[in-house]
Every structure is written in structure tokens, then in C-alpha cells.
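Here is the structure we will look at.
Only the coordinates and a few stated rules stand behind these numbers; no lab work does. These numbers come from a predicted model, not from an experiment. All Cβ positions, glycine included, derive from the backbone under ideal geometry; neighbour counts span all protein chains shown.
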Amino acid sequence: MMARRSKFADAAERWLKKHARGKTVSSDELWNGLVQSDPELCATSENRKTPRTTCMRDLRKDERFELGERKVRLRE
């Protein structure tokens, strides 16, 4: 059985393919883009107080992304 993907990873992959194909972006640029494209996913709530931290953690665990020095890149 395949592990379920993070909603953040799915959203980040969509955003990067649309706005930064083949490029490295800052984590700030990615997060701001996700806030625009998926506001309900990025909103804080009683159950999720630090969605940005959760997002970056999930991307670090996903082999399709390269993260380091506050930069994010989708592996091609």
C-alpha cells in the first residue's frame, strides 16, 4: 500500500510546477504562493497552529523536494 501524501506536498508540487518550473525559490516565496492558492490549507486553526512549520516538515520528508538554506526546489 502506498503511503498517503501530505496535502502540503501536493499543493507545493502544483504551485512549483505552475510558477517555478525548474527553478529554486525561497521558502517565503513558496509559502506566500501557497497562502494565495490554497488559503484554507494554510490557515491557522485550533488544531493546526503552525501550518508553515508543518508544511516545511512534510516537504523535507518527501523525496520529490530539495530543501536547504531556506530554499525549495522540485526535483525533476
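Dipole magnitude for region 7-74: about 160 debye, using +1 per Lys or Arg Cβ and -1 per Asp or Glu Cβ, origin at the Cα centre.
Go through Lys7/Lys49; Lys7/Lys61; Lys23/Lys61 and tell me which ones have a Cα-Cα distance over 18 Å in this structure.
Check vs 18 Å cut-off fails for Lys23/Lys61.
Across the chain, the relative contact order, built from alpha-carbon pairs under 8 Å that are at least six residues apart, equals 39 percent. Label-to-label distance for Glu66 and Arg52 is 2.4 nm, based on points extended 7 Å past Cα in the beta-carbon direction. Checking the cross-link filter: which aspartates and glutamates have an alpha carbon closer than 17 Å to that of Lys17, excluding same-chain neighbours under 8 positions apart? Of all the aspartates and glutamates, those that pass the test against Lys17 - Cα under 17 Å, at least 8 places apart if same chain - are Asp28, Glu29, Asp38, Asp62, Glu63, Glu66, Glu76. Highest-first packing order for the peptide set 52-63, 6-17 is 6-17, 52-63, based on the mean count of other beta carbon atoms within 10 Å.
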